[in-house]
Structure formats: structure tokens, C-alpha cells
Amino acid sequence: MGYTSTAKKSTAPSGGWSDLWKQEDYWAMWLGLTIVLLAIVFWSIGNNFMNWIVLKVPNYSDYRTAINYISSHKNALLALFLFLLSLFSIAIKILTGEVKRFVVGFTFLFLLSVLVSAWGSWDVMKRYNIETPLLALVVGLVISNFLKIPYWLSAALQTQFYVKLGIVLMGASLPFTLIIQAGSTAFAQATIIALATFLTIYWTGTRVLALDKRFAATLAAGGSICGVSASIAIGGTVKAEKQHVSIAISLVILYSILMIFILPLAIKGLHILPGPAGAWIGTAEFADAPGMAAAAAINEQAIKTFTLMKVVGRDMFIGIWCFMMALTSITRWDKRYANTKPNALDIWIRFPKFVLGFMVASIIITILAASANVVTSKAIDNNIINPIIELRNWTFILTFLSIGLSSRLKELASVGWKPFAAFSAGVLVNIPLGYLLSVVIMGNYWITIK
């Protein structure tokens, strides 16, 4: 689903009541829904706070335009910074306890995000289709690969937390009726993709390259279900070695970064419409954060179809796959656990809880919009949905900066040729199959998603 973060959390959730405040997924859900409810409350009392803090630097050709805009909106920028810092610090206090380091690191990260946002509005960037999220990734990669990232900054590089929060906010811009309508299609497409990619990587790894079955399963999960989170969850489920899980994570990150650049270029070169393009990215990308970056390089419609395909379709698989792989591991791979039975509760325990926040946010806004007249509906768009979308965009900038700042290409490249070959075999199946399903077979359906 995303990248690792510095939060000191368990990779194997217990499913108890304490998880409601001790897991990153839940905090992404709580804070995302808090933002949605605050937007509704501020609008209902006639307060323009949400619109005031969500700034967007206008497109410019003269750099002085950006400087003047930032200078004239410095109070709103400070308010946005304090708003995000206050919310995030509450979660960090519970998750890691490193609030002081987070405050220092987040201050730097926010200032960098403002610079990237301003730079991304330059007409030269627009001319070459370098969208702000992609620019944030490049800036982060350049910094991390040429400079040593200081310890105080690492606490703020909460990649998974930012992207999960952004996905919850994404729910506010997608009507729940659309999620229900697209759910069956996305789930069917995700099933085909997951099975084909998983079996390709696993078969290549075990039969051709003689890799350990647990190692191959961990690689296959990362390439077929939801990236890093799947590698960690499946690796723990089948009792893979820690080194094997780390290699799987490195391959997911390496290919995810490559796909951020390759997929938008292929989409533009093949003249694929935004709806099918987003769905293709949702099947071909390996993690939520880089997939969002690739979709953002297309347009808002691509972001929506990507979210439906990746989050509603593929991410929801992880609990089911953990249960199935635990059953396989116990009954076929390791007789030492012959008397152990996998618990069906694991499906719920492994289920990505932020997806629930995504759906609840959609339900809240859908109910609100359904009870409104034409004038009120426009006011809801302008004062609730649009500010939430802009806040979502800020969380994505933070996400992509964090990916870049925590990724060293030299380390990602040192994984060994056999795991690389097995994972690459899955990529060679995943990308063309995703194109076939998203563009050729189901393209007319994905075009209709607005």
C-alpha cells in the first residue's frame, strides 16, 4: 500500500481495542474524518477558515508573481502549518512519542513543500507536464542521494501516514454511489491482476530461480497486492527471513519510482484517456503513494479512477491473502505448525483500516450533498469539497517529498539478480495485462468515471 515510515509500530496488528489509537491506519482515518467534519462545521457557521488556509500558487512565468503571492498569504501559510502540525503531532505523540523531533523535521518539510508548490506552478514545469507531486519526488531524491539526511528530519518522513490521510480525504470527493458502482469492476480487475502477477513471480522464483518458497511469496505479494505493506504482512505471515522482506521492500520501492516516470510517458505517448489511464496506473503501480504521483501527472479524473482501482480494488485484498498464505504455509510448507490453524479474524486484522475512513468520508459528503438544493450544492463544492481536495494535495506533496528523502538509489539497487529477475517477471506480466484490462477491455467503463 505504501512505504515504510519511522513510526515504531508493530507490523503484525493484534486486533485489540488498543489498536484504535496505536495504529497508523486508524490515526489516518481519525484525522482525515476530523478534517472533513471541521470543513462542514466551519461552513455551517459561515466561517471561511478552510478556504483561507488552503493556498494554491497561481501559474506564472515571472518568479516575482510567486514571491508576491506567498508574501501576501504568509499568515494563511502559517495557519496551514500550525493546523497540520497540531493534528499530526497528536498522532505522532501516540505512535512514536518523538514529538520534538517531528516538530523540527516537519517544519523543514513544510517549508520545502511550499517551495516545491511554488516551483511546480512555474509555466516551464507545466509546459513539460512536470506536476507538483512528481517534482516533490525528484527534489527529495536529489537531496537524499547527494546529502546525508539528518536524524532530526527522519521523524517527519511519515510516508505511509501522509498518503493514507490523503486517501481518506480523497473519499470526500468521490460520491459513495460511485464507489459502490465501481467496486465490483475494480475488485474483478484487481483479482485478475493479483492472481496473474503473484503466480508469475512465485513460479519464476521457485521453479526457475530456486528461491525459497517464503521468499518468493513475499516478493510476489509486494508485486501483486499492495506493495510494501503486503511484503511486510505476507512475509510475517509465512515467517520469511527479515532480509528477504527487506529485499522485497527495496524492489517495490525501486520499481514504484521507475513507474512514476514511465507510466505517464506511456499514457501520453499512447494517447490514453484519463479515466482508463488512472485505472491502468492502479493495476500497474505497486504502492499507493507513487501511484498517486503518476495519476496526478494526468489529471483529477485519473486520480479518481486510480483510487477506485488501487484502494477499493487491490488494497482490500491484503487481509484475504494473509489468511490464504498462512493456511498454505502452515499446511504445506512447515510441518512444525501442523497443529496451528490460521484465524479467520486475521482477514479483519490485516484489512487496511484507512480504507474505512475513505468510505466514511464519502458517505458523509454524499448524504450532505443529497439533502441540498442547487445553490447549497454549489456552496458545498466551494466551501467543503474543494478545500478538502487542496488539503489532500498538500498531504500528497508531503508524501512524495518523504519518499524521495528516504530513498537512496544505491541501496535500492543492491538486491541481487535472482530476486530482481523474479520480480521483473511479474512486472512484465502486470503492465501489459493492466493495459489490456483497463484500456482495451474495460476502457469504455473507466471513461464514464468522472
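Kindly indicate whether any position in the range 240-253 is modelled with pLDDT of 90 or more and in a helix (DSSP H, G or I). No, every residue in the range 240-253 fails to be modelled with pLDDT of 90 or more and in a helix (DSSP H, G or I). Anything in the range 124-168 that is buried (at least 24 other Cβ atoms within 10 Å of the Cβ), farther than 22 Å from R408 by Cα and either among the hydroxyl-bearing types (S, T, Y) or at pLDDT 85 or above (or both)? List them, or say none. If the condition is that a residue be buried (at least 24 other Cβ atoms within 10 Å of the Cβ), farther than 22 Å from R408 by Cα and either among the hydroxyl-bearing types (S, T, Y) or at pLDDT 85 or above (or both), then K164, L165, G166, V168 are the ones that fit. The lone criterion from (1) within 20 Å of S362 (Cα to Cα); (2) free of Cβ contacts under 8 Å to residues at least 40 places away in the same chain left unmet by I40 is number (2).
Note on the range 191-215: among residues that are touching a His at 6+ places or on another chain (Cβ under 9 Å) and in a helix (DSSP H, G or I), the one that is surrounded by the fewest Cβ atoms within 10 Å (Cβ to Cβ) is R214. I'm trying to understand the selection: among the residues of the range 176-202, which are under 22 Å from Q243 (Cβ atoms) and over 21 Å from the mean Cα position of the chain (by Cα)? I201, Y202 - these are the residues of the range 176-202 that are under 22 Å from Q243 (Cβ atoms) and over 21 Å from the mean Cα position of the chain (by Cα). Contact map, the range 234-253: first residue over 11 Å from F423 (Cα atoms), second residue modelled with pLDDT of 75 or more and not in a helix (DSSP H, G or I), Cβ cut-off under 7 Å, separation 6 or more or different chains; pairs are I253/S407. With a requirement of 1 or more residues that are over 25 Å from the mean Cα position of the chain (by Cα) and modelled with pLDDT under 95, the helices (runs of 4 or more DSSP H) lying completely within the range 11-103 that satisfy it span 24-44, 49-53, 63-72, 74-95.
Can we say A118 is aliphatic (A, V, I, L, M), surrounded by 13 or more Cβ atoms within 10 Å (Cβ to Cβ) and under 21 Å from the mean Cα position of the chain (by Cα)? Against the criterion (aliphatic (A, V, I, L, M), surrounded by 13 or more Cβ atoms within 10 Å (Cβ to Cβ) and under 21 Å from the mean Cα position of the chain (by Cα)), A118 does not qualify. Exactly one residue out of L77, L112 is surrounded by 16 or more Cβ atoms within 10 Å (Cβ to Cβ), in contact (Cβ under 8 Å) with a residue 12 or more places away in the chain and over 28 Å from R408 (Cα atoms), and it is L77.
Within the range 282-311, residues that are under 14 Å from G443 (Cβ atoms) sit with their Cβ atoms under 9 Å from residues that are among the basic types (K, R) and not in a loop (DSSP other than H, G, I, E, B), at 6+ positions apart or across chains, in these pairs: G282/K310; G282/R314; T283/K310; T283/R314.
Report yes if H244 is surrounded by fewer than 24 Cβ atoms within 10 Å (Cβ to Cβ) and either farther than 24 Å from L308 by Cβ or in contact with an Asp or Glu (Cβ under 9 Å, 6 or more places away or on another chain) (or both), otherwise no.
Considered against the rule, which asks whether it is surrounded by fewer than 24 Cβ atoms within 10 Å (Cβ to Cβ) and either farther than 24 Å from L308 by Cβ or in contact with an Asp or Glu (Cβ under 9 Å, 6 or more places away or on another chain) (or both), H244 comes out as yes.
Kindly indicate whether I298 is part of a helix (DSSP H, G or I), more than 12 Å from the chain's Cα centre (by Cα), of a type outside the set (S, T, N, Q) and within 24 Å of V168 (Cβ to Cβ). In short, no.
If the condition is being closer than 19 Å to T395 by Cα and of a type in the set (K, R), then the range 251-306 contributes only K304. When the range 393-434 is limited to residues that are at pLDDT below 90 and of a type in the set (K, R), the one that is nearest to A190 (Cα to Cα) turns out to be R408.
Would you be able to say whether some residue in the range 178-190 is under 27 Å from V54 (Cα atoms) and either outside any loop (DSSP other than H, G, I, E, B) or not aliphatic (A, V, I, L, M) (or both)?
Yes, the range 178-190 contains at least one residue that is under 27 Å from V54 (Cα atoms) and either outside any loop (DSSP other than H, G, I, E, B) or not aliphatic (A, V, I, L, M) (or both).
N382 fulfils the conditions (1) in a helix (DSSP H, G or I); (2) modelled with pLDDT under 85; (3) surrounded by fewer than 18 Cβ atoms within 10 Å (Cβ to Cβ) except for a single criterion, (2). Which members of the range 422-444 meet the condition of being in contact with a helix residue (DSSP H, G or I) (Cβ under 7 Å, 6 or more places away or on another chain) and surrounded by fewer than 18 Cβ atoms within 10 Å (Cβ to Cβ)? Within the range 422-444, no residue meets the criteria. Applying the criterion of being exposed (fewer than 15 other Cβ atoms within 10 Å of the Cβ) and modelled with pLDDT of 75 or more to the residues of the range 176-190, the residue that is farthest from G434 (Cα to Cα) is I180.
Considering (1) of a type outside the set (V, I, T); (2) farther than 15 Å from M309 by Cα; (3) not in a loop (DSSP other than H, G, I, E, B), the lone condition that G291 does not fulfil carries the number (2).
The values are calculated or read from the model by the stated rules, or taken from the named source; none is laboratory data. In this text, all values refer to a predicted model and were calculated from it rather than measured experimentally. Here the Cβ is made from the backbone with ideal geometry for all residues, glycine too, and neighbour counts use every protein chain on show.
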